[in-house]
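Derivation of every value follows stated rules applied to the coordinates shown; laboratory data play no part. Quick caveat: nothing in here was measured; it's all calculated off a predicted structure. Note that we place each Cβ from the backbone using ideal geometry, even for glycine, and neighbour counts take in every protein chain shown.
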Amino acid sequence: MSTRHYTPVDALLIQGDRALRTLFGRPSQTERPNPAVGLGEGDLGSDQRRHVARLMRINHTGEVCAQALYQGQALTARLPETRHRLERSAQEENDHLVWCETRLRELDDRKSLLNPLWYAGAFGLGAAAGIAGDKWSLGFVVETERQVEHHLDDHLEQIPLQDEKSRAILEQMRADEIHHAQIARAAGGAELPTPVRRVMRWGSRLMTGSVYWV
């Protein structure tokens, strides 16, 4: 069986299509069902519902950033094995993206207006990590997923117990993020320098703070 080799222009066009699907369309998912399917809608007060919706908006934007990071890293990865791992993880993150968007619609809320901005920034970071080398790119995945895990823990503490739909989605997302970090670490991901980890945390706080409102 022959394998098609893409030119740099082909790769850019493919990435452009993925970006449009991530931001405005329906990205390609895996075979997994939405973990919230079949669960009842919890009895939430208006303030609780608004707060949960904004938390899910943050999670949706976080998945937009995850897509951008993985796509940027896959574009500049040096080894085919690394590229394959990143692309598979990106596809699983697409599940999270669709699940969060579905939950937002159920809560009568919208996606963040800042998503294109955050996508562009995350894509640039991912591409830069890939250029730095596969071990640093994979280390970037490890640290990103570690921070996302802590972020999801915080949201699970804030979401009311009766909101089983949102909790089921976030719990599955958390399990996936831990798995992605383990894969990247086992593949040779290097521990990032402390200043880089601090900058990543600062960027995460900026994203969550702005997207909660916009």
TODO: Any chance you could tell me what percent of the C-alpha pair distances in the range 39-192 go past 29 Å?
DONE: 20
Open item on the list: Below 8 Å between Cα atoms, with a sequence gap of 6+, how large is the relative contact order for the range 86-214 in percent?
Closed with: 34
Open item on the list: If I model a spin label as a point 7 Å beyond the Cα along the Cα-Cβ vector, how far apart are those points for Arg78 and Ile178 in nm?
Closed with: 3.3
Open item on the list: Let's test the formula: R0 of 45 Å, r as the Cβ-Cβ distance of Ala132 and Gln158. What FRET efficiency results, to the nearest 0.05?
Closed with: 0.80
Open item on the list: Given 4 °C and 1.567 mPa s, compute D for the range 20-130 with the Stokes-Einstein relation, Rh being the Kirkwood radius over Cα pairs; round to the nearest whole µm²/s.
Closed with: 87
TODO: Determine the dipole magnitude for the range 63-126: charges of +1 sit on the beta-carbon of Lys and Arg, -1 on that of Asp and Glu, nothing else is charged, the reference point is the Cα centre, and the result goes in debye to the nearest 20.
DONE: 260
TODO: Would you mind getting me the FRET efficiency between Thr194 and Leu117? Use the beta-carbon distance for r and R0 = 25 Å, nearest 0.05.
DONE: 0.40
- [ ] Note down the net charge around Arg198, summing +1 for each Lys or Arg and -1 for each Asp or Glu among other residues with Cβ under 15 Å from its Cβ.
- [x] +2
Open item on the list: Cut-off 10 angstrom, C-alpha nodes, Gaussian network model of the chain. Which of Glu93, Glu149, Glu81 fluctuates the most?
Closed with: Glu81
Task: Loop chymotrypsin sites (Phe, Trp or Tyr not before Pro), the range 59-155, which have at most 12 other Cβ atoms in a 10 Å radius of their Cβ (DSSP) - done: none
